[in-house]
Amino acid sequence: NSKLRHVEKDVLIPQIMRDRAKELCSDKVQAFTKCCQETGLLMVVKCRQENTALKDCLVGHYSDPSFYEECKAEYLKQREEYRATGIKKKRQKLTPNV
């Protein structure tokens, strides 16, 4: 049964999307974090370029219908496994290749 409840559509799938987008934009997350750590209180002004690049990357994924479908399929697979086993599986974080 692949019918989605309100909480699944509005909370659980978007959470997977946020997590995956952060992983896919990890280079921009790291650049923004590094800039903020180096500039302190002036980060609002000095890190504008890194912030824009990060926002563009994340929004690009959030607004991609195929990315939503991919994350929805991942959620449905997790839900199916949970219903079959009763064991909630934690999402594995991808570690960027350094």
With Cα atoms, 0 to 90° folded angle of helix 65-85 axis to the chain main axis: 50 degrees
In degrees, nearest ten, helix 26-39 long axis to first principal axis of the chain (Cα): 40 degrees
222 nm mean residue ellipticity, helices alone, for the chain (DSSP H n ≥ 4; -39,500 (n - 2.57); rounded to 500): -21500 deg cm²/dmol
Computed over the chain: relative contact order in percent, which uses C-alpha pairs under 8 Å that are six or more apart: 34 percent
Gained length - Val44 relative to Gln15, 0.36 nm times residue gap less alpha-carbon distance: 7.8 nm
Separation in nanometres of the label points that stand 7 Å from Cα toward Cβ, at Ser66 and Thr52: 2.8 nm
The stretch 5-58, relative contact order in percent, only Cα pairs under 8 angstrom and at least six apart counted: 40 percent
Probe 1.4 Å, protein heavy atoms only - accessible area per residue of the chain in square angstrom: 78 Å²
Extension gain from Gln30 to Lys3, taking 0.36 nm per residue of separation minus the Cα-Cα distance: 6.0 nm
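The values are calculated or read from the model by the stated rules, or taken from the named source; none is laboratory data. All values reported here derive from a predicted model rather than from experimental measurement. Using ideal geometry, Cβ is built from the backbone for each residue, glycine included, and neighbour counts are taken over all protein chains shown. Ligands, DNA and RNA are stripped out before the accessible areas are found, and what is left, the full protein with its side chains, is counted by its heavy atoms. Shrake-Rupley method; radii C 1.70, N 1.55, O 1.52, S 1.80 Å.
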